[in-house]
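Trainee: Here it is: the structure, laid out below.
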Amino acid sequence: MTVIPSAPATTTTDDPLLPHLWSIKSALDKFHSSETEAEDVYELVHRCIETFKYDPIYQNDIRFLHIWLIYIDFSPNHKAVFREIERLKICLDTSMLYELYAMFLEAKGMMREANSIYQLGISRNAEPIGRLKKAHTLFLERMQRIVDVCSALKMDVGSTVENDCLNPWSISIIKDLLQKMNAKMSKYEGYYASNRSYSGKVALSSLQKLVRNKVTIEIGGEKYQIKGCAGKGGFAQVYKACISSNADEVVALKIQKPPFPWEYYMYRQLDQRIPETERSPFGYAHRLHLYTDYSILVSEFLGHGTLLDAINTNVCTGASMDELLCIYYTTEMLSMLESLHRNGIIHGDFKPDNLLMRYASGDLTEDSFQTRTGFWREQGLCLVDWGRGIDLQLFPNKTKFNGDCRTSGFRCVQMQENKPWTYQVDTYGLCVIVHLMLHNSYNMEIEKKASPDGSYLYQPKSPFKRYHKVELWKKLFLDLLNHDHEEGYLKMLVNLKTTFQDYMCSNPLLIKQLKQALAKQRISMGSS
């Protein structure tokens, strides 16, 4: 999702772009919830661009650049839009232009063109040039992975085994594990495997084009009416769908090519290992239909947006997320990781767009907050997208990993320094999310400082605001960024969670303020 950067505190008279930003943000929210059409968003963005494209004040305004990038996404001729950006010299020395347009091209499968855009930005020395070069390197690595998948090679990018470490995401390892577990998986409820390709009347490859026509597809004898696209990546698309046109039976369909049953396996492990009282924050998968060319995962649909969407609702006002919400969501994420890691499961892709919002169906009471009973059990976050999930029980005890997640901004310190890792892939993701909530910045830069005992400590470079609960946040980053040993790790997570929880419970007024902030957030995100 495109983030419109924050503006300085100002009035609409001082900054006539602001009303346009608010209108576009509102239209995007409605578009993502299928309440409005793409043409409505396109019209607003087009009007904004025509109004300000010759105004030199906005030529190097990051917010205006994001409007152009949204325009690219909704325009029938994205190449013409990019040429117009170049002609008008909109942020040409900003690396974000080249990185986000290259990502757009990559999502469309235009790999050669994406590579050229990265090279163009680097040749212009767009700043920050280091970030752009890093993004280009990660892009080239992803392309190598695609080549390997398409060629059905047994060797993966990099070594599968190196220095007694394993890459848990290597194609050959996952393929081998799935083959060994085939008999076990075939007995899972809801697992339907076929030795034929998908043969429905509507081609799955055409769904993106037909999504606005409310097309109906048939899978395993069940009819699903497609209501909208809920997300897309390099290998999969997620659609909102109604079963048998029943508006009350809404599910998410994750359609993936090539087929990938691993995520369904991870969901079944969650069912088996996570206690029922802790299970709801991890999503539910109902069925998997496995064909030779596609896999279709039918899962729970949550339509209230993501944590990233919640963070972005503050952008137009120039503010960061309410600190009480930051504390609440940090407590929820610590609880999630404690539950997962205690049961031998690593998510592997812990980021804000994989955390869906959950809202309670009834009134939240102050006295049930600490125990998370009553409607508080329905409130919080839901972690989805288990394609990179790691089942530690499938590996020898105390196995370390060496794979690189290749997700810009989420490579833990160990990955950056080519060292073994385990739980750090998730805890580093949590730190990046907290940094984003507090600072409205995805780019968490880490500095390495010498400590008195001769060792080194890692900490974020961004200073805290004077009104932040600095000691809470310092302790969180210090512990999570510098814990290299499994011994005492779970106890550390529990202690951190308890510290945040105790702060919230130290004053009944804080719980009341949290409830108000949650209600306000829900309204601003357009959730009913």
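The values are calculated or read from the model by the stated rules, or taken from the named source; none is laboratory data. All figures in this text were calculated on a predicted structure; none of them were measured in a lab. So basically every Cβ, Gly included, is an ideal-geometry build from the backbone, and we count neighbours across all protein chains shown. Protein only, heavy atoms only, side chains kept; ligands, DNA and RNA dropped before computing areas. Shrake-Rupley method; radii C 1.70, N 1.55, O 1.52, S 1.80 Å.
Trainee: Can you tell me which residues in the range 384-400 are part of a loop (DSSP other than H, G, I, E, B) and in contact (Cβ under 8 Å) with a residue 24 or more places away in the chain?
Mentor: Pass one, the range 384-400, residues part of a loop (DSSP other than H, G, I, E, B): 384-389, 395-400.
Listed by number, the residues that qualify are Val384, Asp385, Trp386, Gly387, Arg388, Gly389, Phe395, Lys398, Thr399, Lys400.
Trainee: Taking the range 407-444 on its own, how many of its residues are among the charged types (D, E, K, R) and more than 19 Å from the chain's Cα centre (by Cα)? Write out each step before concluding.
Mentor: Of all residues in the range 407-444, those among the charged types (D, E, K, R) come to 411, 417, 419, 426.
Imposing the further condition that a residue be more than 19 Å from the chain's Cα centre (by Cα) reduces the set to 417, 419.
Looking only at that region, the number is 2.
Trainee: Sort through Leu381, Leu430 and tell me the only one that's in a strand (DSSP E or B), closer than 19 Å to Leu493 by Cβ and open to solvent by less than 10 Å² (accessible area, probe 1.4 Å).
Mentor: Details: Leu430 fails: in a strand (DSSP E or B).
Result of the check over Leu381, Leu430: Leu381.
Trainee: Looking for whichever is part of a helix (DSSP H, G or I), among the aromatic types (Phe, Trp, Tyr), modelled with pLDDT of 90 or more and more than 22 Å from the chain's Cα centre (by Cα) here; the options are Tyr118, Tyr98. Which one fits?
Mentor: Values: Tyr98 fails: more than 22 Å from the chain's Cα centre (by Cα).
From the options Tyr118, Tyr98, the qualifying one is Tyr118.
Trainee: Further question on the same structure: With respect to the numbered conditions (1) assigned to a loop (DSSP other than H, G, I, E, B); (2) modelled with pLDDT of 85 or more, which one is the sole condition not fulfilled by Leu153?
Mentor: (2)
Trainee: For the range 86-124, name all the residues that are within 22 Å of Ile49 (Cβ to Cβ), surrounded by fewer than 21 Cβ atoms within 10 Å (Cβ to Cβ) and among the polar types (S, T, N, Q).
Mentor: Residue satisfying the conditions is Thr94 alone.
Trainee: OK, next. Among the numbered criteria (1) open to solvent by 20 Å² or more (accessible area, probe 1.4 Å); (2) over 30 Å from Ile390 (Cα atoms), which one does Cys242 miss?
Mentor: Looking at each condition in turn, Cys242 falls short on (1).
Trainee: For the range 414-433, name all the residues that are in contact with a strand residue (DSSP E or B) (Cβ under 9 Å, 6 or more places away or on another chain) and among the aliphatic types (A, V, I, L, M).
Mentor: Scanning the range 414-433 gives Met415, Val425, Ile433.
Trainee: Any idea which of (1) open to solvent by 10 Å² or more (accessible area, probe 1.4 Å); (2) free of Cβ contacts under 8 Å to residues at least 24 places away in the same chain is the one Cys412 doesn't satisfy?
Mentor: (1)
Residues are listed down the side, and each one gets a yes or a no for (1) of a type in the set (Val, Ile, Thr); (2) modelled with pLDDT under 95; (3) within 20 Å of His347 (Cα to Cα):
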{"site": "Pro258", "(1), (2), (3)": "no, yes, no"}
{"site": "Glu263", "(1), (2), (3)": "no, no, yes"}
{"site": "Asp271", "(1), (2), (3)": "no, no, yes"}
{"site": "Glu276", "(1), (2), (3)": "no, yes, yes"}
{"site": "Leu288", "(1), (2), (3)": "no, no, yes"}
{"site": "Thr292", "(1), (2), (3)": "yes, yes, no"}
{"site": "Leu308", "(1), (2), (3)": "no, yes, yes"}
{"site": "Met321", "(1), (2), (3)": "no, yes, no"}
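Trainee: In the range 58-75, is there at least one residue being surrounded by fewer than 17 Cβ atoms within 10 Å (Cβ to Cβ), of a type in the set (D, E, K, R) and at pLDDT 90 or above?
Mentor: no
Trainee: If I ask for residues that are assigned to a loop (DSSP other than H, G, I, E, B) and free of Cβ contacts under 8 Å to residues at least 40 places away in the same chain, which ones from the range 234-274 would you list? Can you show your working first?
Mentor: Going through the range 234-274, the residues assigned to a loop (DSSP other than H, G, I, E, B) turn out to be 234-235, 244-249, 257-261, 274.
Phe235, Ser244, Ser245, Asn246, Ala247, Asp248, Glu249, Pro259, listed by residue number.
Trainee: I'd like to check something: does the range 219-233 contain any residue that is closer than 30 Å to Leu337 by Cβ and open to solvent by less than 30 Å² (accessible area, probe 1.4 Å)?
Mentor: Yes; the residues of the range 219-233 include at least one that is closer than 30 Å to Leu337 by Cβ and open to solvent by less than 30 Å² (accessible area, probe 1.4 Å).
Trainee: Another question, then. Could you give me the residue pairs with C-beta distances under 8 Å whose first residue belongs to the range 55-70 and is farther than 19 Å from Ala38 by Cα and among the aliphatic types (A, V, I, L, M), whose second residue is outside any helix (DSSP H, G or I) and open to solvent by 10 Å² or more (accessible area, probe 1.4 Å) wherever it lies, and which are 6+ apart or on separate chains?
Mentor: Ile62/Pro5; Ile62/Thr94; Leu65/Thr94
Trainee: Kindly indicate the residue of the range 159-189 that is open to solvent by 50 Å² or more (accessible area, probe 1.4 Å) and part of a loop (DSSP other than H, G, I, E, B) and also modelled with the lowest pLDDT among those meeting that condition.
Mentor: Across the range 159-189, the extreme among qualifying residues is Ser159.
Trainee: Suppose we keep only residues that are charged (D, E, K, R) and either in contact with a Ser or Thr (Cβ under 7 Å, 6 or more places away or on another chain) or assigned to a strand (DSSP E or B) (or both) within the range 190-218. Which one would you say is surrounded by the fewest Cβ atoms within 10 Å (Cβ to Cβ)?
Mentor: The initial filter retains those residues of the range 190-218 that are charged (D, E, K, R), namely 196, 201, 209, 212, 214, 218.
Still in the running and either in contact with a Ser or Thr (Cβ under 7 Å, 6 or more places away or on another chain) or assigned to a strand (DSSP E or B) (or both): 196, 218.
On the way: Arg196: 8, Glu218: 12.
That would be Arg196.
Trainee: Next question, about the same structure. So Thr12 ticks every box in (1) in contact with a Pro (Cβ under 9 Å, 6 or more places away or on another chain); (2) at pLDDT 85 or above but one. Which box is left unticked?
Mentor: Failed condition: (2).
Trainee: To continue, here is another question. Quick one: which of Gln513, Gln459, Gln521 is buried (at least 17 other Cβ atoms within 10 Å of the Cβ) and among the polar types (S, T, N, Q)?
Mentor: Values: Gln513 fails: buried (at least 17 other Cβ atoms within 10 Å of the Cβ); Gln459 fails: buried (at least 17 other Cβ atoms within 10 Å of the Cβ).
After ruling out the rest, the residue left standing is Gln521.
Trainee: Right, something else. For residues that are of a type in the set (Phe, Trp, Tyr) and either in contact with a His (Cβ under 8 Å, 6 or more places away or on another chain) or outside any helix (DSSP H, G or I) (or both), tally how many sit in the range 304-361.
Mentor: Step one: list which residues in the range 304-361 are of a type in the set (Phe, Trp, Tyr), which gives 328-329, 350, 359.
Still in the running and either in contact with a His (Cβ under 8 Å, 6 or more places away or on another chain) or outside any helix (DSSP H, G or I) (or both): 350, 359.
Counting residues in the range 304-361 that are of a type in the set (Phe, Trp, Tyr) and either in contact with a His (Cβ under 8 Å, 6 or more places away or on another chain) or outside any helix (DSSP H, G or I) (or both) gives 2.
Trainee: Quick check: anything in the range 126-142 within 20 Å of Ala236 (Cα to Cα), at pLDDT 90 or above and among the small types (Gly, Ala, Ser)?
Mentor: To start, the set of residues in the range 126-142 that are within 20 Å of Ala236 (Cα to Cα) comprises 138-142.
The next check asks that each one be at pLDDT 90 or above; those that pass are none.
Within the range 126-142, not a single residue is within 20 Å of Ala236 (Cα to Cα), at pLDDT 90 or above and among the small types (Gly, Ala, Ser).
Trainee: Of all residues in the range 485-510, which are surrounded by 13 or more Cβ atoms within 10 Å (Cβ to Cβ) and either within 22 Å of Lys449 (Cβ to Cβ) or among the aromatic types (Phe, Trp, Tyr) (or both)?
Mentor: Selection gives Tyr489, Met492, Leu496, Phe500, Tyr503.
Trainee: Moving to a separate point now. Pairs only if they're at least six apart or on different chains, beta carbon under 9 angstrom, first in the range 368-382 and in contact (Cβ under 8 Å) with a residue 12 or more places away in the chain, second of a type in the set (Asp, Glu) and in a strand (DSSP E or B); list them, first residue then second.
Mentor: Cys382/Glu300
Trainee: Give me the residue from the range 462-484 that is under 23 Å from Asn418 (Cβ atoms) and assigned to a loop (DSSP other than H, G, I, E, B) and, out of that set, most open to solvent (accessible area, probe 1.4 Å).
Mentor: Across the range 462-484, the extreme among qualifying residues is Asp484.
Trainee: Inside the range 384-404, can you point out the residues that are open to solvent by 60 Å² or more (accessible area, probe 1.4 Å) and either among the hydroxyl-bearing types (Ser, Thr, Tyr) or under 17 Å from Ser339 (Cα atoms) (or both)?
Mentor: Gln393
Trainee: For the range 27-43, state whether one or more residues are more than 28 Å from Arg522 (Cβ to Cβ) and either surrounded by 13 or more Cβ atoms within 10 Å (Cβ to Cβ) or at pLDDT below 90 (or both). Please lay out each step first, then the result.
Mentor: Keep residues of the range 27-43 that are more than 28 Å from Arg522 (Cβ to Cβ), which gives none.
The answer is no, given that none of the residues of the range 27-43 is more than 28 Å from Arg522 (Cβ to Cβ) and either surrounded by 13 or more Cβ atoms within 10 Å (Cβ to Cβ) or at pLDDT below 90 (or both).
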